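These notes concern the structure reproduced below.
The values are calculated or read from the model by the stated rules, or taken from the named source; none is laboratory data. Bear in mind that the values here come from a model prediction, so they are computed numbers and not experimental data. Positions of Cβ are generated from backbone atoms using ideal geometry, with glycine treated the same way; all protein chains shown enter the neighbour counts.
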Amino acid sequence: MSETHSLQFAGTSDAKLRLASTVMVMRQARVGLQVLLLRRNAQLAFAGGAWVFPGGAVDQTDSECDDNTGLEAEQLAARVAAVRECEEECGLILDSQQLVHFAHWTTPENLKRRFATWFFAAVVSEAESDVVIDDGEIHDFQWLTPSQGISRHQSGELDMMPPTYMSLKLLEQCASADQALERLRVFEPYWVTPRVARDADSAVLLYPGDAGYEVRDGALNGPRHRCIIGDHGVRYIHSGEDVGLAPMDNL
(Lines give C-alpha, C1' and ligand atoms only; values in the text may rest on other atoms or scores of the structure.)
Protein backbone atom coordinates (compact mmCIF):
# COMPACT_ATOMS: atom_id res chain seq x y z
CA MET A 1 0.00 0.00 0.00
CA SER A 2 1.29 3.49 -0.78
CA GLU A 3 -0.49 4.84 2.31
CA THR A 4 2.70 4.61 4.34
CA HIS A 5 4.45 6.94 1.90
CA SER A 6 2.27 9.83 3.15
CA LEU A 7 4.05 9.70 6.53
CA GLN A 8 7.04 11.73 5.36
CA PHE A 9 8.87 13.59 8.10
CA ALA A 10 9.89 17.19 7.53
CA GLY A 11 12.41 17.09 10.37
CA THR A 12 10.72 20.02 12.12
CA SER A 13 7.32 20.77 13.62
CA ASP A 14 6.96 24.23 12.07
CA ALA A 15 5.57 23.15 8.70
CA LYS A 16 2.94 25.68 7.68
CA LEU A 17 -0.56 24.55 8.67
CA ARG A 18 -3.08 25.24 5.88
CA LEU A 19 -6.83 25.41 6.30
CA ALA A 20 -8.65 22.85 4.15
CA SER A 21 -12.04 21.21 3.78
CA THR A 22 -13.57 18.11 2.28
CA VAL A 23 -17.09 16.80 1.78
CA MET A 24 -18.27 13.20 1.97
CA VAL A 25 -20.95 13.18 -0.74
CA MET A 26 -23.59 10.45 -0.35
CA ARG A 27 -26.49 9.27 -2.46
CA GLN A 28 -29.24 6.68 -2.14
CA ALA A 29 -28.90 4.19 -5.01
CA ARG A 30 -30.74 0.95 -5.70
CA VAL A 31 -27.94 -0.94 -3.95
CA GLY A 32 -28.24 1.32 -0.90
CA LEU A 33 -26.13 4.11 0.54
CA GLN A 34 -23.19 5.03 -1.67
CA VAL A 35 -20.31 7.44 -1.13
CA LEU A 36 -18.33 9.24 -3.83
CA LEU A 37 -14.59 8.57 -3.89
CA LEU A 38 -12.16 10.35 -6.21
CA ARG A 39 -8.68 9.14 -7.17
CA ARG A 40 -6.05 11.86 -7.04
CA ASN A 41 -3.50 12.20 -9.81
CA ALA A 42 -0.60 9.89 -8.93
CA GLN A 43 1.86 12.68 -9.80
CA LEU A 44 0.59 15.05 -7.11
CA ALA A 45 3.01 15.73 -4.27
CA PHE A 46 0.37 15.30 -1.57
CA ALA A 47 -1.59 12.02 -1.43
CA GLY A 48 -0.84 11.19 -5.06
CA GLY A 49 -2.95 8.23 -6.20
CA ALA A 50 -5.06 8.18 -3.03
CA TRP A 51 -8.85 7.81 -3.07
CA VAL A 52 -10.39 10.78 -1.30
CA PHE A 53 -13.56 12.83 -0.92
CA PRO A 54 -13.86 16.05 -2.96
CA GLY A 55 -11.97 18.86 -1.26
CA GLY A 56 -8.85 20.91 -0.99
CA ALA A 57 -7.21 23.96 0.56
CA VAL A 58 -9.26 27.02 1.50
CA ASP A 59 -8.43 30.00 -0.73
CA GLN A 60 -8.43 33.65 0.28
CA THR A 61 -11.51 34.22 -1.89
CA ASP A 62 -13.45 31.65 0.13
CA SER A 63 -13.52 34.03 3.10
CA GLU A 64 -13.51 37.46 1.46
CA CYS A 65 -17.22 38.09 2.05
CA ASP A 66 -17.25 36.87 5.64
CA ASP A 67 -17.53 39.34 8.54
CA ASN A 68 -17.19 36.71 11.26
CA THR A 69 -14.01 35.97 13.19
CA GLY A 70 -12.35 33.00 14.86
CA LEU A 71 -13.59 29.45 14.54
CA GLU A 72 -16.95 30.49 13.11
CA ALA A 73 -15.27 32.35 10.27
CA GLU A 74 -12.97 29.39 9.65
CA GLN A 75 -15.90 26.99 9.34
CA LEU A 76 -17.81 29.31 7.00
CA ALA A 77 -14.76 29.65 4.75
CA ALA A 78 -14.32 25.87 4.83
CA ARG A 79 -17.94 25.40 3.75
CA VAL A 80 -17.47 27.73 0.78
CA ALA A 81 -14.26 25.92 -0.17
CA ALA A 82 -15.93 22.50 0.05
CA VAL A 83 -18.67 23.60 -2.35
CA ARG A 84 -16.16 25.16 -4.74
CA GLU A 85 -13.80 22.17 -4.73
CA CYS A 86 -16.66 19.72 -5.24
CA GLU A 87 -17.80 21.54 -8.35
CA GLU A 88 -14.24 21.92 -9.67
CA GLU A 89 -13.15 18.34 -9.07
CA CYS A 90 -16.27 16.36 -9.93
CA GLY A 91 -18.97 18.70 -11.26
CA LEU A 92 -21.44 18.26 -8.40
CA ILE A 93 -23.28 21.37 -7.21
CA LEU A 94 -23.82 21.71 -3.48
CA ASP A 95 -25.08 24.47 -1.19
CA SER A 96 -22.88 25.38 1.77
CA GLN A 97 -25.93 25.33 4.05
CA GLN A 98 -26.62 21.66 3.31
CA LEU A 99 -23.22 20.57 4.58
CA VAL A 100 -23.11 18.80 7.93
CA HIS A 101 -19.87 19.12 9.90
CA PHE A 102 -18.86 15.82 11.53
CA ALA A 103 -15.08 15.83 12.06
CA HIS A 104 -11.90 17.89 11.99
CA TRP A 105 -8.51 16.33 11.28
CA THR A 106 -5.17 18.08 11.64
CA THR A 107 -2.12 16.53 10.00
CA PRO A 108 0.42 15.23 12.54
CA GLU A 109 3.34 17.44 13.48
CA ASN A 110 6.68 16.86 11.72
CA LEU A 111 5.09 15.95 8.39
CA LYS A 112 6.11 17.83 5.27
CA ARG A 113 2.63 19.15 4.42
CA ARG A 114 0.14 19.95 7.14
CA PHE A 115 -3.57 20.71 6.88
CA ALA A 116 -6.31 21.54 9.36
CA THR A 117 -9.23 19.98 7.53
CA TRP A 118 -12.95 20.39 8.15
CA PHE A 119 -14.95 17.28 7.23
CA PHE A 120 -18.50 17.77 6.02
CA ALA A 121 -21.19 15.45 4.67
CA ALA A 122 -23.97 16.05 2.14
CA VAL A 123 -26.58 14.03 0.26
CA VAL A 124 -27.40 14.39 -3.43
CA SER A 125 -30.15 12.60 -5.31
CA GLU A 126 -29.22 9.88 -7.76
CA ALA A 127 -30.58 12.05 -10.57
CA GLU A 128 -28.17 14.84 -9.57
CA SER A 129 -25.14 12.62 -9.02
CA ASP A 130 -23.56 12.59 -12.49
CA VAL A 131 -19.83 13.05 -11.95
CA VAL A 132 -17.53 14.91 -14.34
CA ILE A 133 -13.94 14.75 -13.12
CA ASP A 134 -11.48 17.53 -13.91
CA ASP A 135 -8.87 15.04 -15.25
CA GLY A 136 -6.19 17.23 -13.68
CA GLU A 137 -6.03 16.71 -9.95
CA ILE A 138 -8.64 13.93 -10.23
CA HIS A 139 -8.19 10.96 -12.58
CA ASP A 140 -11.01 8.59 -11.63
CA PHE A 141 -14.10 8.19 -9.46
CA GLN A 142 -16.33 5.51 -7.96
CA TRP A 143 -19.63 5.44 -6.12
CA LEU A 144 -19.28 2.70 -3.50
CA THR A 145 -21.11 1.51 -0.43
CA PRO A 146 -19.08 2.14 2.75
CA SER A 147 -18.45 -1.61 3.10
CA GLN A 148 -17.22 -1.86 -0.50
CA GLY A 149 -14.84 1.05 0.03
CA ILE A 150 -13.43 -0.45 3.21
CA SER A 151 -13.03 -3.97 1.81
CA ARG A 152 -11.36 -2.71 -1.38
CA HIS A 153 -9.00 -0.61 0.68
CA GLN A 154 -8.06 -3.60 2.82
CA SER A 155 -7.53 -5.76 -0.27
CA GLY A 156 -5.11 -3.20 -1.69
CA GLU A 157 -7.34 -1.91 -4.50
CA LEU A 158 -7.95 1.57 -3.03
CA ASP A 159 -5.24 3.60 -1.33
CA MET A 160 -6.82 5.76 1.40
CA MET A 161 -5.59 8.10 4.07
CA PRO A 162 -6.78 7.27 7.61
CA PRO A 163 -9.37 10.12 7.85
CA THR A 164 -11.08 8.85 4.69
CA TYR A 165 -11.10 5.31 6.02
CA MET A 166 -12.43 6.44 9.41
CA SER A 167 -15.21 8.45 7.77
CA LEU A 168 -16.37 5.41 5.81
CA LYS A 169 -16.29 3.35 9.01
CA LEU A 170 -18.79 5.77 10.55
CA LEU A 171 -21.35 4.89 7.88
CA GLU A 172 -21.09 1.10 7.90
CA GLN A 173 -24.23 0.58 10.00
CA CYS A 174 -26.40 3.18 8.23
CA ALA A 175 -29.26 1.86 6.10
CA SER A 176 -29.72 4.92 3.90
CA ALA A 177 -28.10 8.19 2.89
CA ASP A 178 -30.76 10.25 4.67
CA GLN A 179 -30.34 8.22 7.85
CA ALA A 180 -26.58 8.67 7.71
CA LEU A 181 -26.88 12.44 7.28
CA GLU A 182 -29.33 12.77 10.17
CA ARG A 183 -27.08 10.71 12.43
CA LEU A 184 -24.11 12.85 11.47
CA ARG A 185 -26.18 15.99 12.13
CA VAL A 186 -26.59 15.06 15.82
CA PHE A 187 -23.14 13.43 16.08
CA GLU A 188 -20.65 15.26 18.29
CA PRO A 189 -17.84 16.12 15.84
CA TYR A 190 -14.44 14.82 16.88
CA TRP A 191 -11.30 16.93 16.61
CA VAL A 192 -8.06 15.04 16.44
CA THR A 193 -4.39 15.59 15.68
CA PRO A 194 -2.80 12.13 15.35
CA ARG A 195 0.75 11.51 16.50
CA VAL A 196 3.07 9.36 14.41
CA ALA A 197 4.89 6.56 16.23
CA ARG A 198 5.99 2.97 15.85
CA ASP A 199 4.99 -0.23 17.61
CA ALA A 200 7.54 -2.94 16.83
CA ASP A 201 7.63 -3.09 13.01
CA SER A 202 4.36 -1.20 12.49
CA ALA A 203 3.78 2.48 11.77
CA VAL A 204 0.94 3.75 13.94
CA LEU A 205 -1.07 6.93 14.26
CA LEU A 206 -1.92 7.54 17.90
CA TYR A 207 -5.12 9.29 18.97
CA PRO A 208 -6.06 10.89 22.32
CA GLY A 209 -6.67 8.22 24.95
CA ASP A 210 -3.97 5.89 23.64
CA ALA A 211 -1.37 5.04 26.31
CA GLY A 212 1.42 6.32 24.08
CA TYR A 213 -0.26 9.47 22.74
CA GLU A 214 1.32 12.06 25.04
CA VAL A 215 4.86 10.67 24.74
CA ARG A 216 4.56 9.46 21.14
CA ASP A 217 5.45 5.89 22.11
CA GLY A 218 3.45 3.28 20.21
CA ALA A 219 4.88 0.40 22.24
CA LEU A 220 3.82 1.73 25.65
CA ASN A 221 1.49 -0.69 27.46
CA GLY A 222 -2.05 0.43 28.19
CA PRO A 223 -5.18 1.62 26.35
CA ARG A 224 -5.12 1.42 22.58
CA HIS A 225 -6.62 4.17 20.40
CA ARG A 226 -4.83 4.21 17.08
CA CYS A 227 -4.67 3.31 13.43
CA ILE A 228 -2.11 0.77 12.30
CA ILE A 229 -0.71 1.43 8.84
CA GLY A 230 0.35 -1.78 7.13
CA ASP A 231 0.39 -3.85 3.97
CA HIS A 232 -3.38 -4.28 4.22
CA GLY A 233 -4.11 -0.59 4.59
CA VAL A 234 -5.47 1.14 7.65
CA ARG A 235 -6.78 -0.73 10.69
CA TYR A 236 -8.49 1.12 13.54
CA ILE A 237 -8.12 -0.08 17.13
CA HIS A 238 -10.13 1.16 20.12
CA SER A 239 -9.57 -1.06 23.15
CA GLY A 240 -12.77 -0.11 24.98
CA GLU A 241 -13.72 1.77 28.13
CA ASP A 242 -10.09 2.09 29.20
CA VAL A 243 -9.55 4.64 26.42
CA GLY A 244 -11.86 7.13 28.10
CA LEU A 245 -13.17 8.43 24.77
CA ALA A 246 -15.89 7.08 22.52
CA PRO A 247 -14.79 5.18 19.38
CA MET A 248 -14.52 7.35 16.27
CA ASP A 249 -16.08 4.71 14.00
CA ASN A 250 -19.56 4.48 15.50
CA LEU A 251 -22.55 6.77 15.14
Discussion item. Name the residue that is nearest to Pro194 (Cα to Cα), counting only residues in region 214-245 that are without any contact (Cβ under 8 Å) to a residue 40 or more places away in the chain and small (Gly, Ala, Ser).
Written reply: Gly218
Worksheet item: Looking at region 21-52, which of the residues that are in contact with a strand residue (DSSP E or B) (Cβ under 9 Å, 6 or more places away or on another chain) and of a type in the set (Gly, Ala, Ser) is farthest from His139 (Cα to Cα)?
Response: Ala29
Fill in: Hits in region 97-145 - residues which are buried (at least 18 other Cβ atoms within 10 Å of the Cβ) and among the small types (Gly, Ala, Ser)
Ala103, Ala116, Ala121, Ala122, Ser129
Response to the item:
Screening Glu109, Glu85, Glu128 for residues that are among the acidic types (Asp, Glu) and free of Cβ contacts under 8 Å to residues at least 60 places away in the same chain leaves only Glu128
Worksheet item: Taking into account only those residues within region 210-251 that are of a type in the set (Asp, Glu) and in a loop (DSSP other than H, G, I, E, B), which is surrounded by the most Cβ atoms within 10 Å (Cβ to Cβ)?
Response: Asp210
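One line per residue, one yes/no per condition, for (1) modelled with pLDDT of 95 or more; (2) out of contact with any Leu (no Cβ under 9 Å at 6 or more places or on another chain); (3) assigned by TED's automatic domain parsing to the domain that holds Asp140:
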site: Ala10; (1), (2), (3): no, no, yes
site: Leu17; (1), (2), (3): no, yes, yes
site: Arg30; (1), (2), (3): no, yes, yes
site: Gln34; (1), (2), (3): yes, no, yes
site: Arg39; (1), (2), (3): yes, no, yes
site: Gln43; (1), (2), (3): no, yes, yes
site: Phe46; (1), (2), (3): no, yes, yes
site: Trp51; (1), (2), (3): yes, no, yes
Item to complete: Mind telling me which of the residues Asp178, Asp159, Asp140, Asp134 ends up being without any contact (Cβ under 8 Å) to a residue 60 or more places away in the chain and charged (D, E, K, R)?
Response: Asp134
Worksheet entry | Hits in region 188-209 - residues which are out of contact with any Lys or Arg (no Cβ under 7 Å at 6 or more places or on another chain) and part of a strand (DSSP E or B) | Tyr190, Trp191, Val192, Val196, Arg198, Asp199, Ser202, Ala203
Worksheet entry | Filter result (touching a Phe, Trp or Tyr at 6+ places or on another chain (Cβ under 6 Å) and modelled with pLDDT under 95) within region 189-205 | none
